[in-house]
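Student: Sharing a structure here in structure tokens format.
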Amino acid sequence: MTQIIQTIAQLRALVRGWKAAGEVVGVVPTMGALHEGHLSLARRARAECDRVITTIFVNPKQFNNLDDLKKYPRTLEADAALLSGVSVDVVFAPGVDEVYPDGFITTVTVGGVSEPLEGRMRPGHFDGVATVVTKLFGMTEANRGYFGQKDWQQLQVVLRLVRDLNLPIEVVGCETIREADGLAMSSRNVRLTPQGRAVAGVLYAAVTVAADEIRAGQSDRMAIREAAEKLRAAGFERVEYIELRDAETLMPSDDPRRPRRMLAAAWLDGVRLIDNIPV
């Protein structure tokens, strides 16, 4: 079983020994309830670093909905067992009081890239993400941080955070891992009913067709409207957004010469699903 550490002092003592030996340290930040997507990040870190830390912390500051926070699965022992299979060196699983001790008042805000899309739908969410990621980078003193591209906007927020604050860490974005029907792996997927799970792959299929149509010359607006109609026809309760954005700035983009990303969020079975693909 992979070692579980719960205090910053213990973790830093371990990391300083690694650093003194000249070893490269990678960190994979997670909120637990691990699946193959998380494990793929850990494997990538294992292949590229001498030492690997996976953090497991359900961050209350990035939840807008307290009910969602309460429902988020906590499966530390099962997660540690999975991580043992990919030879992670240590699991850092601090409690809330360890990360946000009494009197903690600092918030890290990344402007611009955090404001549209998820930032609009979940006010304050990225402040919570930026704050905890900054803390985890400082706690782990890692050389490299590994993040999935499924949360594309989050990845851009972290990249901007590191760039603007000159943090001494390399951020590595890793490909989205998908189920056989294309559904992006997520800890939320287990909350889908069997009926919902059977149609959830329509999200990926619809945005993929829309992206193909845009590349072929169809108008963005028409392709996106057709994608939204497909989701509603499949049983999705609500389509929050399907938008074509500049891949880096996340501003609206009609310039095919720049990398672009189609991002989507929709509700199915009371579960909020997100996805994105390059265009």
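The values are calculated or read from the model by the stated rules, or taken from the named source; none is laboratory data. None of these values were measured; they are calculated from a predicted model. When we count neighbours, we look across all protein chains shown, and the Cβ atoms used for this are built from the backbone with ideal geometry, even at glycine.
Here is a yes/no grid of residues against (1) crowded, with 18+ Cβ neighbours inside 10 Å; (2) in contact (Cβ under 8 Å) with a residue 60 or more places away in the chain:
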| position | (1), (2) |
| --- | --- |
| THR176 | yes, yes |
| PRO194 | no, no |
| LEU203 | yes, yes |
| ALA206 | yes, no |
| ARG215 | no, yes |
| LEU244 | yes, no |
| ASP254 | no, no |
| PRO259 | no, no |
| LEU268 | yes, yes |
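Student: Oh, and also: Which one of THR109, THR54 is over 16 Å from the mean Cα position of the chain (by Cα) and within 19 Å of LEU155 (Cα to Cα)? Please lay out each step first, then the result.
Tutor: Working: THR54 fails: over 16 Å from the mean Cα position of the chain (by Cα).
Result of the check over THR109, THR54: THR109.
Student: Let me ask another. Which of the residues belonging to segment 82-95 are outside any loop (DSSP other than H, G, I, E, B) and more than 16 Å from ILE5 (Cβ to Cβ)? Write out each step before concluding.
Tutor: Initially, segment 82-95 is screened for residues outside any loop (DSSP other than H, G, I, E, B), giving 82-84, 90-92.
If the condition is that a residue be outside any loop (DSSP other than H, G, I, E, B) and more than 16 Å from ILE5 (Cβ to Cβ), then LEU82 is the only one that fits.
Student: Identify, from the list GLY111, GLY128, GLY119, the residue that is at pLDDT 95 or above and outside any helix (DSSP H, G or I).
Tutor: Working: GLY128 fails: outside any helix (DSSP H, G or I); GLY119 fails: outside any helix (DSSP H, G or I).
When all the criteria are applied, what remains is GLY111.
Student: Sort through PHE92, PHE104, PHE63 and tell me the only one that's aromatic (Phe, Trp, Tyr) and crowded, with 20+ Cβ neighbours inside 10 Å.
Tutor: Numbers: PHE104 fails: crowded, with 20+ Cβ neighbours inside 10 Å; PHE63 fails: crowded, with 20+ Cβ neighbours inside 10 Å.
Checking each option against the conditions leaves just PHE92.
Student: Would you say PHE137 is part of a helix (DSSP H, G or I), at pLDDT 95 or above and not charged (D, E, K, R)?
Tutor: Yes: the conditions hold for PHE137.
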